[in-house]
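Undergrad: First the structure, which I've put down as structure tokens, then a few questions once you've had a look.
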Amino acid sequence: MLKKYFVYISSTRDDLKAERRELVRVVLEMGAVPVVMDTFDITHEGERRIICKAIEECDYFLNLTAYMGGEAVGKISALEFEYSCAVRAGLPVLALVIGENARWKDSKKEKEASARKALEAFKNKLEGHAHDTWNTPGDIRCKALALLSREMNLNPRRGWVPSTLAVEPQIANELCRVLQENDALRRHVKLEGIDLAKKVRDQVKHALKVLAGNRISLSFYYIDGENWENTQKFRYVRLFRLLAPELTIPKTGAEISHFLGNILNPDLTKTKIVRKDYPTPSNTIKKIMADFTLLRLVKCSGSGDNETWGMTEFGKETFAAYRLRQMERPLVKAKEAAQSKKGPAN
């Protein structure tokens, strides 16, 4: 089922314009919905209630902090006000806090000592949640992607689906009950008592089931073409099987697009040759890699034009399990054939 998550982006505006835009792009590329409240005046009580309600209706709260806390809301800053709304609503809080080695203009820092002290205390609160530091705008893309992917994988939320795809109320209630039971079990189970090998095997099986159960449409652009053509749906498990050996050495999005464009070209007559640069859509490639990241199969390194994707250890183990299952199929069929020849036991 197509489910979209709402991600509230909290940061100061004037000093982090470019960084905020990058976060919005990351959230959109992950197939989620970014929520920003730039047009609302947080110093106005009525509009604060609207902001708080918007936060409560989101699935995740993503904070980006540098050296300013924003306008004062009573005794706290705007950033801390939004954070307190998220905590009260029980949202998972994710934070990207500027690092000590970042080069930053003094004009974009708090002037008053009391404001600087309050901001440091707020940063200490953020460190109690899933967080990371950033020193350059280039850090933000990969670190935000990693934080969101990990949290969405480990802590899936209710999200939103189109009404045409919504499940029946009875099924939704049953799923809610099962999720609550799982949450309770997670809280009571201690790591020391878990069979780690079995846990990994279960995770591998789950990842392969998800890959086998999902498809994505892929179009192709040919050298002599004028638009995208031959749109077809491909199973994620097939894409993973093809890409896993290639990603043992990290590849850029352009390299992945070129590889898939050539190997999946549906023109069986081979009279059409795909173009060299992005023969498959770049946004589709990004979505595929983001989905693989959600399953912890690949990881992103670098940023911008230097952004590359490589296999994780879990991804390698998942591919090994898949290949072993494929190699064992002839043995299973041979055993079944031998048993059928013997006939039923007396």
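Undergrad: Among the residues of the stretch 1-36 satisfying the criterion of being part of a loop (DSSP other than H, G, I, E, B), open to solvent by less than 30 Å² (accessible area, probe 1.4 Å) and among the aliphatic types (A, V, I, L, M), which is farthest from L79 (Cα to Cα)?
TA: Here the residue is M30.
Per-residue answers, yes or no, for (1) without any contact (Cβ under 8 Å) to a residue 60 or more places away in the chain; (2) among the small types (G, A, S):
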{"site": "S257", "(1), (2)": "yes, yes"}
{"site": "L260", "(1), (2)": "yes, no"}
{"site": "P266", "(1), (2)": "yes, no"}
{"site": "K299", "(1), (2)": "no, no"}
{"site": "G304", "(1), (2)": "no, yes"}
{"site": "G310", "(1), (2)": "no, yes"}
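Undergrad: While we're looking at this one, here's another question. Could you check V73 against (1) within 16 Å of L147 (Cα to Cα); (2) touching a helix residue (DSSP H, G or I) at 6+ places or on another chain (Cβ under 8 Å); (3) free of Cβ contacts under 8 Å to residues at least 40 places away in the same chain and say which number it fails?
TA: (1)
Undergrad: Hey, could you check the stretch 157-174 for residues that are modelled with pLDDT under 75, surrounded by 12 or more Cβ atoms within 10 Å (Cβ to Cβ) and not acidic (D, E) and say which is nearest to P34 (Cα to Cα)?
TA: Only one residue tops the list, namely V161.
Undergrad: Does E19 count as among the charged types (D, E, K, R), under 23 Å from A121 (Cα atoms), in contact with a Pro (Cβ under 8 Å, 6 or more places away or on another chain) and modelled with pLDDT under 95?
TA: Yes; evaluated as a whole, the condition is true for this residue.
Undergrad: Moving on to the next point. Can you find, within the stretch 276-289, the residue that is nearest to the chain's Cα centre (by Cα) among those that are charged (D, E, K, R) and exposed (fewer than 15 other Cβ atoms within 10 Å of the Cβ)?
TA: Per the stated criteria, the residue is D277.
Yes/no matrix, rows are residues, columns are (1) out of contact with any strand residue (DSSP E or B) (no Cβ under 7 Å at 6 or more places or on another chain); (2) in a helix (DSSP H, G or I); (3) farther than 24 Å from G310 by Cα:
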site	(1), (2), (3)
K205	yes, yes, no
N227	yes, no, yes
F234	no, no, no
P245	yes, yes, no
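Undergrad: Output the residues belonging to the stretch 10-53 that are more than 20 Å from R88 (Cα to Cα), among the polar types (S, T, N, Q) and touching a helix residue (DSSP H, G or I) at 6+ places or on another chain (Cβ under 7 Å).
TA: Across the stretch 10-53, the qualifying residue is only T12.
Undergrad: Right, next: Go through (1) closer than 23 Å to R201 by Cα; (2) crowded, with 17+ Cβ neighbours inside 10 Å; (3) in contact with a Ser or Thr (Cβ under 7 Å, 6 or more places away or on another chain); (4) touching a residue at least 60 places away in the same chain (Cβ under 8 Å) one by one and return the number of the condition T318 breaks.
TA: Going through the list (1) closer than 23 Å to R201 by Cα; (2) crowded, with 17+ Cβ neighbours inside 10 Å; (3) in contact with a Ser or Thr (Cβ under 7 Å, 6 or more places away or on another chain); (4) touching a residue at least 60 places away in the same chain (Cβ under 8 Å), T318 breaks only (3).
Undergrad: I'd like the full set of residues that are touching a strand residue (DSSP E or B) at 6+ places or on another chain (Cβ under 6 Å) and either among the hydroxyl-bearing types (S, T, Y) or within 18 Å of D14 (Cα to Cα) (or both), limited to the stretch 99-133.
TA: If the condition is that a residue be touching a strand residue (DSSP E or B) at 6+ places or on another chain (Cβ under 6 Å) and either among the hydroxyl-bearing types (S, T, Y) or within 18 Å of D14 (Cα to Cα) (or both), then T133 is the only one that fits.
Undergrad: Yes or no: the stretch 317-324 includes at least one residue that is β-branched (V, I, T) and more than 30 Å from E19 (Cα to Cα).
TA: Yes, the stretch 317-324 contains a residue that is β-branched (V, I, T) and more than 30 Å from E19 (Cα to Cα).
Undergrad: Just checking, does the stretch 300-313 include any residue being under 25 Å from K4 (Cα atoms), open to solvent by 80 Å² or more (accessible area, probe 1.4 Å) and either at pLDDT 95 or above or under 15 Å from the mean Cα position of the chain (by Cα) (or both)?
TA: Within the stretch 300-313, not a single residue is under 25 Å from K4 (Cα atoms), open to solvent by 80 Å² or more (accessible area, probe 1.4 Å) and either at pLDDT 95 or above or under 15 Å from the mean Cα position of the chain (by Cα) (or both).
Undergrad: Looking only at the stretch 246-255, decide whether some residue is surrounded by fewer than 15 Cβ atoms within 10 Å (Cβ to Cβ), of a type in the set (S, T, Y), farther than 23 Å from K3 by Cα and free of Cβ contacts under 8 Å to residues at least 24 places away in the same chain.
TA: No: zero hits.
Undergrad: For the structure I just gave you, tell me whether F292 is surrounded by fewer than 20 Cβ atoms within 10 Å (Cβ to Cβ), modelled with pLDDT of 90 or more, under 21 Å from the mean Cα position of the chain (by Cα) and under 27 Å from E151 (Cα atoms).
TA: Against the criterion (surrounded by fewer than 20 Cβ atoms within 10 Å (Cβ to Cβ), modelled with pLDDT of 90 or more, under 21 Å from the mean Cα position of the chain (by Cα) and under 27 Å from E151 (Cα atoms)), F292 does not qualify.
Undergrad: Give the number of residues within the stretch 42-65 that are β-branched (V, I, T) and under 29 Å from the mean Cα position of the chain (by Cα).
TA: 4
Undergrad: Continuing with the same structure: Could you tell me which of the residues L119, L154, L91 is under 30 Å from C300 (Cα atoms) and surrounded by 14 or more Cβ atoms within 10 Å (Cβ to Cβ)?
TA: L91
The values are calculated or read from the model by the stated rules, or taken from the named source; none is laboratory data. The structure displayed is predicted, hence computed values, not measured ones. Positions of Cβ are generated from backbone atoms using ideal geometry, with glycine treated the same way; all protein chains shown enter the neighbour counts. Quick note on the areas: whole protein, heavy atoms, side chains included, nothing else; ligands and nucleic acids left out. Shrake-Rupley method; radii C 1.70, N 1.55, O 1.52, S 1.80 Å.
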